[in-house]
Amino acid sequence: MSFAAFTIARLPQIKFGCGSLSKLPDIAASYGKRLLLVTGARSFLGSAHAPRLFAALRQRACRWEIVKIVAEPAPTFIDATVSALQGEAFDAVIGIGGGSALDAAKAIAGLLKPGNSVLDHLEGVGPELPYGGPSTPLIAVPSTAGTGSEATRNAVLSIHGQFKKSFRDEQLVAEWAIVDPDLLVTCPPQLIAADGMDAFTQLLESFVSTGSNPMTDALARSGIMAARDALLPLYAEQSAPAREKMAYASLLSGICLAQTGLGAVHGLASPLGAFFPIPHGAACGTLVATATAVNIAAMGRRDPENPALPKYAEIGRRFAMQKGLNARDARSFLVTSLRQWEEALALPRLSNWRITGADLPRIVANCRGSSMKTNPIVLTDEEITQILAARL
Ligand SMILES: [Zn+2]
């Protein structure tokens with residue numbers, strides 16, 4: 001076996017495991033006593049974990065401010081928060097929550113010291129100035145199993161109706177990711193479904209991405225197996241083993257996507273999320289089966305030697321648990337299994353967000369951003385439209 005050259009970009013230090021949240025106070029205090037906590041408006045602050053964390057921080061003589069995130073973060077929110085906190089000299093930022101809280105924490109940690117507008121750096125918006133730093137150390141604590149934001153270098157920000165774009169830089173990667181599966185206990189089934197499909201999609205798209213390498217393949221494969229075994233069980237009923245597997249799958253999805261880029265589903269999730277109030281995980285979950293089928297068909301027609309084809313077959317065999325299954329049947333097994341997931345997880349169709357056939361040209365016209373560039377084959381506008389039309 002020969003290896004093409006590859007690069008692994010910076011990763012956070014990672015604490016994974018049930019109860020690992022108890023490590024947060026010491027890790028945070030190691031940066032200093034002045035902390036900024038960025039968290040969702042309800043789940044963490046309303047949980048039994050919050051008073052325990054605050055007591056432990058008090059014991060270490062830490063002081064903190066809290067920023068609450070109520071929706072997907074907008075650039076104006078980031079800028080207003082950063083300017084309100086100017087001159088406070090925080091030693092570290094702690095992000096606890098779902099993807100929105102972690103992305104907001106990442107953007108705020110990036111700009112607290114420089115103090116300029118995040119619009120200076122957003123990809124595809126404004127002047128796209130290089131980010132010079134310095135960032136404030138970030139500790140990311142995910143409370144959902146979905147985005148993998150704790151391991152990535154980008155913060156996704158949006159203005160509804162206009163755009164959903166990334167502020168991206170190596171310096172934005174968290175110093176620490178503390179992944180405690182116990183935090184998933186309060187996650188409602190609908191969020192388990194949508195977030196879990198986001199994690200799975202990120203793993204599958206990383207695995208077949210043109211940016212994949214043997215090291216990310218090993219991680220993606222491991223994450224895919226964990227999601228295969230745990231997503232439906234966790235949706236049906238909370239259990240510690242299923243929570244651990246999904247938290248692990250989500251972490252690996254972030255690690256992989258940060259190295260490899262994603263694919264057609266995430267290419268489409270960007271304009272869908274910008275123009276319609278569709279949660280990111282729901283967009284991924286509703287599209288991944290059809291996008292996989294369209295990718296496979298496109299490669300079969302005009303690129304039969306594409307290395308993603310045997311990879312899809314490998315995952316199909318792992319879903320079927322039949323090592324000897326031929327490639328064609330294995331790929332159809334994968335697509336059929338993902339369609340069954342869509343049904344089992346009750347993932348809504350696009351029309352649920354009032355998306356109609358008339359909207360498709362605008363979505364297709366705005367889908368060729370960064371994720372689409374690492375899809376294993378360049379899809380035509382017709383093929384992309386076909387993915388969306390099948391899920392109206
Ligand atoms: Zn995603």
Could you compute the longest span of the chain free of GluC sites (Glu not before Pro) located in DSSP loops and having at most 16 other Cβ atoms within 10 Å, not counting the site residues?
129-236
Return the single residue from G124, G261, G46 with maximal mean-square fluctuation; model: Gaussian network over the chain, springs between Cα atoms under 10 Å.
G46
If N is the number of residues in the stretch 4-138, what value comes out of its Cα radius of gyration divided by 2.2 N^0.38 Å?
1.11
Ordered by residue, what ³J(HN,Hα) values in Hz, to whole numbers, does the stretch 22-29 give under the Karplus form 6.51 cos²θ - 1.76 cosθ + 1.60, where θ = phi - 60° and Gly and Pro are x?
5, 7, 4, x, 5, 5, 5, 5
Calculate the all-directions average of the projected area of the stretch 328-392's alpha-carbon convex hull, and give it in nm².
5.4 nm²
What percent of all Cα-Cα pairs in the stretch 231-385 falls into each 5 Å bin, going from 0 up to the bin containing the maximum distance?
2, 8, 15, 19, 22, 18, 11, 4, 1, 0
Tail weight of P(r) past 15 Å, computed on alpha-carbon pairs of the stretch 39-107, percent
56 percent
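Dipole size in debye (nearest 20) for the stretch 61-182 around its Cα centre, Lys and Arg Cβ +1, Asp and Glu Cβ -1? Could you put the intermediate results ahead of the total?
Values: 8 positive and 15 negative charges, 36 e Å.
So the magnitude is around 180 debye.
Where in the chain is the longest stretch that carries no trypsin sites (Lys or Arg not before Pro) classed as loop by DSSP and with at most 16 other Cβ atoms within 10 Å? Before the final figure, lay out each step's value.
Values: sites that count: R10, K33, R42, R60, K323, R349, R354.
Segment 61-322 is the longest.
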Under-18-angstrom lysine pairs by C-alpha in the chain, whenever the two are 8 or more apart or on separate chains
10
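Quote the FRET efficiency, to the nearest 0.05, computed for R60 versus L11 with a Förster distance R0 of 41 Å and r equal to the Cβ-Cβ distance.
Numbers: r = 26 Å, r/R0 = 0.64.
Once the sixth-power term is evaluated, E becomes 0.95.
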Accessible area of the stretch 246-392 divided out per residue, in Å², using a probe of 1.4 angstrom
40 Å²
Lys, Arg +1 and Asp, Glu -1 on Cβ, resulting dipole of the stretch 185-306 about Cα centre, debye, nearest 20:
100 debye
Can you compute 3J(HN,Hα) from phi for each residue in the stretch 86-97, using the Karplus curve 6.51 cos²θ - 1.76 cosθ + 1.60 with θ = phi - 60°, rounded to whole Hz and x for Gly and Pro?
4, x, 8, 6, 6, 8, 7, 10, 10, x, 10, x
Options G98, A41, I27, ranked by Cα towards positive dipole end of the stretch 1-115, top entry (Cβ charges)
I27
So how much slack lies between C18 and K33, counting 0.36 nm per residue of separation and subtracting their Cα-Cα distance, in nm?
2.8 nm
Förster radius 51 Å - calculated FRET efficiency between Q322 and S351, Cβ distance, rounded to 0.05:
0.90
In whole Å, largest first, the alpha carbons of the chain cover along the principal axes 62, 46, 45
What is the set of long-range amide H partners of F16 at a cut-off below 5 Å, with H atoms built 1.01 Å from backbone N?
V179
Normalised per residue, the volume inside the convex hull of the alpha-carbon atoms of the stretch 134-282 in Å³ amounts to 108 Å³
Considering only protein heavy atoms and a 1.4 Å probe, what is the carbon-and-sulfur percentage of the accessible area of the chain?
55 percent
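The values are calculated or read from the model by the stated rules, or taken from the named source; none is laboratory data. Not measured: the values here are computed from a predicted model. Neighbour counts run over all protein chains shown; Cβ positions are idealised from the backbone, glycine included. SASA here: full protein model, heavy atoms, side chains in, ligands and nucleic acids out. Shrake-Rupley method; radii C 1.70, N 1.55, O 1.52, S 1.80 Å.
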